[in-house]
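The values are calculated or read from the model by the stated rules, or taken from the named source; none is laboratory data. These numbers come from a predicted model, not from an experiment. Every residue, glycine among them, receives a Cβ derived from its backbone with ideal geometry; neighbour counts consider all protein chains shown.
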Amino acid sequence: MKFWNEELFFMQNREEVKEWLKKAEADFEGALQLARRRKNPLPDLICFHCQQAAEKYLKAFLVMNEVPFPKTHDLLLLLTLARGFEPRLELYRDLLDLLNPYSIQYRYPGEEATFEEAKNGLKAIKDFRKFVRELFPSELWD
């Protein structure tokens, strides 16, 4: 099943979608690399990069389907916009809800993420990434 108008997509949106996916993959890889550090893996940053990856995967999907979206970090809002094109995205609501606060929660002094939160964030983004990879044509994944 295709979730885009192939002719229109390849003429207009292909490069922008690739850019969103490249940025999402960089955030995903950044979270993984931080988690592999033996000394001070920085759970705050792991959580942040997990949220950012999910956000950018959703935005890539919206661009591919020509859905305008506001400048936002709200994963649940992006999910609402995207699920009309792919209803199975709704199955990931709880996962996105877990990641949603990480865009700002640990970015400033006060609270710090725990290693357990970082571990849960990594599991969430791995599961979400596995699903979203099937939503895009394979040639978009460099």
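Things to note:
- Failed criterion for E55 (all others in (1) surrounded by 21 or more Cβ atoms within 10 Å (Cβ to Cβ); (2) modelled with pLDDT under 95 hold): (2)
- Restricting the range 103-118 to residues that are surrounded by 15 or more Cβ atoms within 10 Å (Cβ to Cβ) and part of a helix (DSSP H, G or I) leaves a set whose member that is farthest from the chain's Cα centre (by Cα) is E117.
- The lone criterion from (1) closer than 23 Å to N13 by Cβ; (2) touching a residue at least 12 places away in the same chain (Cβ under 8 Å); (3) of a type in the set (V, I, T); (4) assigned to a helix (DSSP H, G or I) left unmet by T80 is number (2).
- Residue check, G121 exposed (fewer than 11 other Cβ atoms within 10 Å of the Cβ) and either part of a helix (DSSP H, G or I) or out of contact with any Lys or Arg (no Cβ under 8 Å at 6 or more places or on another chain) (or both): no
- When the range 48-73 is filtered for residues that are closer than 17 Å to Y92 by Cβ, in contact with an Asp or Glu (Cβ under 8 Å, 6 or more places away or on another chain) and either basic (K, R) or assigned to a helix (DSSP H, G or I) (or both), the ones remaining, listed by number, are C50, Q52, A53, K56, F61.
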